[in-house]
Protein chains: 2
Amino acid sequence: MPTPGLLRRLAVAFAACALAAAAWAQPLPSWNEGPAKQAIVRFVTDVTAAGAPTFVPPEERVAVFDNDGTLWAEQPMYFQLAFMLDMARKAAEANPKLRDDPVVKTLLANDMKALAAMDHKAIGKVLAATNTGMSAAEYDRAIRAWLATAKHPRFGRLYTELTYVPMVELLEYLRANGFKTYIVSGGGIQFMRPWTEKAYGIPPEQVIGSVAEVKLETVGGRPVLMREPKVAFVDDGPGKPVGIYRGIGRQPILAFGNSDGDLPMLQWTAAGSGPRFMGIVHHTDGAREYAYNRNSKVGKLDKALSEAVARGWTVVDMKNDWKRVFAFQ
Amino acid sequence: MPTPGLLRRLAVAFAACALAAAAWAQPLPSWNEGPAKQAIVRFVTDVTAAGAPTFVPPEERVAVFDNDGTLWAEQPMYFQLAFMLDMARKAAEANPKLRDDPVVKTLLANDMKALAAMDHKAIGKVLAATNTGMSAAEYDRAIRAWLATAKHPRFGRLYTELTYVPMVELLEYLRANGFKTYIVSGGGIQFMRPWTEKAYGIPPEQVIGSVAEVKLETVGGRPVLMREPKVAFVDDGPGKPVGIYRGIGRQPILAFGNSDGDLPMLQWTAAGSGPRFMGIVHHTDGAREYAYNRNSKVGKLDKALSEAVARGWTVVDMKNDWKRVFAFQ
């Protein structure tokens with residue numbers, strides 16, 4: 001019988017071979033050859049080159065990704081908002097008193113244009129009332145049920161089918177090269193965690209996002225986490241570096257976003273010393289996905305685009321850099 | 001040349017062998033044979049037994065540990081408090097105006113008994129004023145410098161030498177069996193993260209704790225996280241399940257604590273379905289460490305001890321269950 005020490009050394013050697021083998025395979029097959037793909041591959045090659053001055057030890061290979069508009073679509077509205085509105089609809093069906101509210105009325109009439117023009121605080125109040133007050137476990141079940149059935153209005157597909165194939169490949173490529181991949185999103189942690197592991201290979205504990213207040217209560221003699229109608233943390237804009245500080249405690253060496261809400265995270269990543277990669281997904285493909293930037297109400301990309309160009313960050317042109325957008329296309 | 005697929009399969013097979021080899025070695029060498037060690041080994045055997053009804057898949061093997069009094073000592077005062085008091089001392093040396101404050105005066109006179117009797121709010125105010133207002137990076141450097149030099153008053157050792165050898169073995173044993181180990185502490189994340197990886201094998205991103213508010217500011221054209229004199233989150237008592245919800249998003253299957261502040265975390269862990277392990281470190285060893293429980297000002301263990309006994313949780317008797325406490329003994 002070989003000694004445990006020998007076995008361990010052999011295992012390490014074979015794991016290294018397997019990693020090398022994975023590296024032979026052409027990475028990022030859904031990316032066209034071009035400056036974006038080249039910049040990614042060059043960066044990964046640099047930080048993994050043992051002995052090179054650009055080498056970064058694996059534990060410091062922290063990669064953070066925005067979610068909405070970066071890893072999956074976000075038009076015509078954030079998918080979490082679509083879910084929260086459906087929760088309000090369901091609550092109104094169960095509780096007729098709610099239907100007197102003008103926001104709820106407009107929602108039930110399915111007049112999304114009129115709804116968008118309404119006072120955002122009034123909408124927020126309805127959403128808070130209908131998306132809190134239950135246990136975190138109950139809310140989790142509602143999210144899973146919705147994701148299993150609700151369809152995107154344009155593509156007629158489950159929302160989880162609207163993840164970007166090239167970005168999933170990028171996440172896999174980074175992990176194969178020793179990176180730890182995180183989501184750092186303005187979206188809520190509860191809405192993302194049920195599906196990010198399957199969709200992206202990112203487990204719940206690597207999902208950083210906005211947080212609703214939860215409170216420990218005793219229900220029927222058992223401890224239960226109840227969702228409170230209060231936002232505990234907004235993981236957007238300047239909140240993103242704070243979310244990274246709280247949840248990771250290391251400065252990322254790679255960050256990807258798609259909107260001005262990601263700019264502080266990109267700046268924060270760029271501010272560290274050593275090799276850094278800052279990337280932006282630019283929505284340029286109205287045919288396969290959507291085309292929008294400086295004037296969009298959802299995912300506005302204005303200042304971050306200017307800064308990316310000025311500082312030489314990588315701007316991914318969805319139309320020209322990606323062979324495919326969604327897996328079903 | 002073997003194919004990448006073959007290499008990967010071989011690597012997996014060898015990694016499995018190495019794990020098996022690690023399992024042959026007698027686990028927990030610094031634990032005496034007894035009910036505590038038996039309960040731990042039985043639990044780990046149960047949840048790793050493929051095909052058994054008690055089997056838990058690796059991604060769900062979440063183990064959470066309190067830090068102060070559970071993984072390292074906490075007497076005669078929390079080590080973080082000793083650090084924060086030293087920060088106040090240093091600030092008073094640099095800024096004579098501060099010395100007019102009665103708390104600072106008492107502190108500089110090194111009259112710890114008088115200090116303990118002072119108004120806790122007044123002490124808190126001094127600590128907040130002298131432990132915030134700098135960047136998170138600066139504070140990190142101060143913590144590292146302190147840990148490299150400050151000595152424990154009784155043992156004359158660096159504070160990081162006061163980690164419990166049997167608990168470090170337990171963390172290693174759990175990880176060797178596919179567990180992911182976390183700290184869930186009332187202590188601050190910034191104070192723990194610089195040293196937990198080396199001391200426990202727990203990386204910064206698996207350290208959950210109390211959080212000071214930090215704010216993103218621009219200093220000299222660069223983004224900087226500044227420490228604000230405000231507590232953003234208290235990870236103690238009922239806050240511990242909330243911290244787990246925020247930072248992990250999975251219910252632990254194993255929890256270890258040592259005081260009443262850990263009771264909600266232990267109850268929360270116990271409330272999940274399937275195999276569960278709840279453990280308490282009972283400080284019974286005045287000779288090698290300290291002996292305290294129901295009446296202690298630091299690490300009071302009263303309700304949690306009663307509940308542990310009533311519910312059959314594992315109570316570790318430091319004196320009888322551990323062959324060694326500290327590595328230097």
**Request:** Using 0.36 nm per residue of separation minus the Cα-Cα distance, give me the extension gain between B:A109 and B:R157 in nm, one decimal.
**Result:** 15.0 nm
**Fill in**
By Cβ neighbour count within 10 Å, fewest first, A:D66, B:D46 rank B:D46, A:D66
**Cα-based convex hull, chain B, per residue volume (Å³, whole number)** = 177
**Request:** Before rounding to the nearest 500, sum -39500 (n - 2.57) across all DSSP H runs of length at least 4 in chain B and divide by the residue total; then give [θ] at 222 nm in deg cm²/dmol.
**Result:** -12500 deg cm²/dmol
**Shielding by other protein chains, A:261-268, mean Cβ within 10 Å** = 2
**Request:** With θ set to phi - 60°, apply the Karplus curve 6.51 cos²θ - 1.76 cosθ + 1.60 along segment A:289-300 and write out the HN-Hα couplings as whole Hz, x wherever there is a Gly or Pro.
**Result:** 9, 9, 10, 6, 7, 4, 10, 6, 6, 9, x, 4
**Request:** Counting other beta carbons within 10 Å of each Cβ, put A:M318, B:M77 in order, fewest first.
**Result:** B:M77, A:M318
**Item:** Karplus 3J(HN,Hα) series, Hz, for segment B:83-98 with 6.51 cos²θ - 1.76 cosθ + 1.60 (x for Gly, Pro)
**Value:** 5, 5, 5, 5, 5, 5, 4, 4, 5, 5, 5, 7, 10, x, 4, 4
**Item:** Ascending list, in nanometres, of distances separating the A:N95 label from those of the other copies (7 Å, Cα toward Cβ)
**Value:** 4.9
**Message:** Can you work out the Karplus-derived ³J(HN,Hα) for every residue in segment A:320-329? Use 6.51 cos²θ - 1.76 cosθ + 1.60 with θ = phi - 60°, whole Hz, and x for glycine or proline.
**Reply:** 9, 8, 10, 5, 10, 9, 9, 5, 7, 7
**Request:** List the residues whose amide H sits under 5 Å from the amide H of A:W322, counting only those 5 or more places along or on another chain, with H placed 1.01 Å from N in the peptide plane.
**Result:** A:N32
**Asked** GNM on chain A, C-alpha springs below 10 Å: top fluctuator among A:A49, A:A114, A:A91?
**Response** A:A114
**Fill in**
Per GNM of chain A with C-alpha springs under 10 angstrom, the most fluctuating residue out of A:S210, A:S273, A:S259 is A:S273
**Message:** Between B:K297 and B:A129, what is 0.36 nm times their sequence separation minus the Cα-Cα distance? Round to one decimal in nm.
**Reply:** 58.0 nm
**Message:** What whole-number distance in Å separates the alpha-carbon centres of segment B:162-215 and segment A:289-322?
**Reply:** 39
**Request:** Please give every one of the aspartates and glutamates within straight-line cross-link reach of A:K105, meaning a C-alpha to C-alpha distance under 19 Å, and leave out same-chain neighbours fewer than 8 residues apart.
**Result:** A:D86, A:E93, A:D119
**Request:** State the three equivalent ellipsoid semi-axes of segment B:79-147, derived from the C-alpha gyration tensor as the square roots of 5 times its eigenvalues, in descending order and whole Å.
**Result:** 20, 13, 11
**Asked** Under 21 Å from the Cα of A:K37, which lysines turn up, not counting those fewer than eight places away in the same chain?
**Response** A:K180, A:K319, A:K323
**Item:** Length-normalised contact order of segment A:79-149 in % [C-alpha pairs under 8 Å, at least 6 apart]
**Value:** 36
**Asked** For label points placed 7 Å from Cα toward Cβ, what is the shortest-first list of nm distances from A:E33 to its copies?
**Response** 6.8
**Complete:** Sorting from shortest, the nanometre distances separating the label point of A:P203 (7 Å past Cα along the line to Cβ) from those of the same residue in the other copies are 1.1
**Asked** Of A:V231, A:V184, A:V165, which has the largest mean-square fluctuation in a 10 Å C-alpha GNM of chain A?
**Response** A:V231
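Coordinate-derived values only; no laboratory data. This structure is a prediction, so every number in the text was calculated from the model and none was measured. Cβ: placed from backbone, ideal geometry, glycine included. Neighbour counts: every protein chain shown.
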